[in-house]
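The values are calculated or read from the model by the stated rules, or taken from the named source; none is laboratory data. What you are looking at is a predicted structure, and each value in this text was computed from that prediction instead of being measured. Ideal geometry is used to build each Cβ from the backbone, glycine not excepted, and the neighbour counts take in all protein chains shown.
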Amino acid sequence: MPSAEETREFGGEPVAAEIVETLPAVRAHEAIMAKGELSVEEITAQKHKIVEIMQAVMTEDVHYGRIPGIDKPSLFKPGAEAINVALRLAPVPVSERVFDGDHLTVFATVTLQHIPTGLVIAAGEGMCSSKESKYAYRQESRKCPACGAAAIIKGKAEYGGGWVCWKKKDGCGANFADGDTAIETQEAGKVANPDLPDTWNTVLKMADKRALIAAVLNGTAASDVFTQDVEDHPPATAPEPARSEPPEHRQNATAVPTPTSWPKVKDAIRACDNPDEAEALYGAFLRAATYHLYGKTSLKDITADERKVMLQKAAGAAVWLAEHEDETQDGPFNFYLEATMRQAWAAMLDGTLLEIPDYVPPEPPAPEVDEEAAELARQAFADPS
C-alpha cells in the first residue's frame with residue numbers, strides 16, 4: 001500500500017498519487033483541484049492526444065465527417081466512444097422523459113467518469129423530441145387505385161392533364177382524369193405522423209447521443225479538433241469548405257471547385273449530361289432536404305441563416321456528385337444517377353436517404369426531323385393514282 005504521502009483523496013477514497021499524475025489533462029474542475037493548475041504543456045499534450053486518436057483510430061464518415069462550409073470535422077457518436085475508450089472515460093447517462101399525448105421529449109445528461117479513479121470529468125446535455133419536424137411529420141404520396149403503388153404524379157396539360165401512375169416509380173402506367181375522387185381525396189404532401197410511438201426509441205437514442213458528444217467535447221479538449229454533430233447544430237456562416245480526400249478512383253482527377261452561390265450550384269449540376277433532367281432531379285432532392293431539416297419544401301419559407309446552411313449542403317452534394325460522375329456512366333440521368341444523387345445528399349445529411357415523391361422528369365425534347373428525308377419518304381409511298 002502506498003504511504004500517506006503517496007496518496008491523495010478523490011471523493012473520500014485514497015488513490016495513488018502516481019495515478020493522479022497520469023490523469024488526462026482535462027478541463028474539469030475536479031482535475032484542477034486534484035492536481036493544482038494545469039500547465040500549458042499538459043493542455044497542449046491533451047490536444048495532441050485527441051489528434052493522435054483521430055489519425056490512428058478513427059475513420060472518416062464513420063467516427064467523424066467533414067461538411068462543406070465547416071472548418072472542423074463533425075464528431076459522430078462512434079468517434080466520441082473511441083475517445084472515451086482511449087482516455088478511460090465511462091459515460092453515465094441520465095434522462096427525463098416527458099410525454100404530451102403520443103409525443104415524447106427526452107432531456108438527457110451524460111456524465112463522464114475517469115474509470116481508474118471515479119473522478120467526474122465533465123457532463124453534457126442534449127434533448128430530442130418527436131415534435132421535431134423530421135419525426136412529427138412525413139411526406140405522403142398519392143397511391144394508385146389500380147396497383148397500390150405510391151407513384152401518382154400530375155399529368156402535364158399538353159399531354160391531357162389528369163393523373164398518371166408513373167412507371168419510373170414502379171407504377172403501372174394507369175391514367176386518371178382530373179377530378180377523380182379516388183386520387184384527389186387522398187392526403188398528400190406534409191402530413192402528421194400517425195405512428196409517433198415508432199419514433200420513441202429513436203428520440204431517446206438521439207438525446208443520449210447529443211448529450212454524449214457534448215460531454216466528450218466539454219471534458220477532453222476535443223472541441224479544439226471537432227465540432228458538435230452538424231446534424232444537430234447547423235452552422236450560420238459559410239466559409240470556404242474543407243473537403244475530404246476524393247475516393248480512390250478519383251485520386252488523380254482534377255479537384256472539383258465548390259460552388260459558392262446558388263447560380264454556381266445550378267451551373268455545376270447543368271454541366272452533367274442531360275442538364276434539364278439533372279436540374280429537375282436535383283431540385284427535387286433540394287426540396288426534400290429542406291423539408292427534412294426544416295419542415296419546409298421551399299427556400300423562400302426558411303430563414304436567411306437556414307438558407308446559408310442549405311447552400312452549403314447543396315454545394316457539397318454537387319461536388320460529391322461531380323467526384324462520383326463515373327458511377328453514372330451507364331446512362332444519362334436514369335435510375336443510376338438518381339441513386340448516386342441520393343447518396344450525394346446522404347453524405348450531407350449524416351446518412352439520411354431522401355425520397356422525392358414530387359419529382360416529375362421533364363419531357364424529352366422532340367426528335368429533330370430531316371424534312372428532306374421525310375419528303376422523299378412521302379413521295380415513295382404516295383398513292384400513284
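So here's what we get for this one:
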quantity: Close pairs from region 186-214: first part of a helix (DSSP H, G or I), partner charged (D, E, K, R) and surrounded by 18 or more Cβ atoms within 10 Å (Cβ to Cβ), Cβ under 7 Å, at least 6 apart; calculated: I213/D229
quantity: Some residue of region 66-77 being assigned to a helix (DSSP H, G or I), surrounded by fewer than 18 Cβ atoms within 10 Å (Cβ to Cβ) and either without any contact (Cβ under 8 Å) to a residue 60 or more places away in the chain or of a type in the set (A, V, I, L, M) (or both); calculated: no
quantity: Residue that is among the charged types (D, E, K, R), more than 29 Å from F107 (Cβ to Cβ) and at pLDDT below 85, where the choices are R243, R287; calculated: R243
quantity: Residue count, region 170-183 (criterion: free of Cβ contacts under 8 Å to residues at least 24 places away in the same chain and assigned to a helix (DSSP H, G or I)); calculated: 1
quantity: Count - residues of region 107-119 that are buried (at least 19 other Cβ atoms within 10 Å of the Cβ), assigned to a strand (DSSP E or B) and touching an Asp or Glu at 6+ places or on another chain (Cβ under 8 Å); calculated: 3
quantity: Index of the failed condition, Q46 passing every other in (1) at pLDDT below 85; (2) surrounded by fewer than 16 Cβ atoms within 10 Å (Cβ to Cβ); calculated: (2)
quantity: Restricting region 260-312 to residues that are part of a helix (DSSP H, G or I) and small (G, A, S), the residue that is surrounded by the fewest Cβ atoms within 10 Å (Cβ to Cβ); calculated: A304
quantity: Residues located in region 86-97, provided they are among the aliphatic types (A, V, I, L, M) and either farther than 11 Å from V216 by Cα or touching a Pro at 6+ places or on another chain (Cβ under 7 Å) (or both); calculated: A86, L87, V92, V94
quantity: Which numbered condition V62 misses (of (1) in contact with a strand residue (DSSP E or B) (Cβ under 9 Å, 6 or more places away or on another chain); (2) part of a loop (DSSP other than H, G, I, E, B)); calculated: (1)
quantity: Of residues in region 191-229 being modelled with pLDDT of 80 or more and among the charged types (D, E, K, R), the one nearest to A82 (Cα to Cα); calculated: K209
quantity: Test: residue in region 137-146 that is in contact with a helix residue (DSSP H, G or I) (Cβ under 9 Å, 6 or more places away or on another chain) and hydroxyl-bearing (S, T, Y); calculated: yes
quantity: Selected residue (only one of A122, A86 is touching a Lys or Arg at 6+ places or on another chain (Cβ under 8 Å), part of a helix (DSSP H, G or I), at pLDDT 85 or above and not assigned by TED's automatic domain parsing to the domain that holds T258); calculated: A86
quantity: So T328, is it closer than 24 Å to D170 by Cβ and modelled with pLDDT of 80 or more; calculated: no
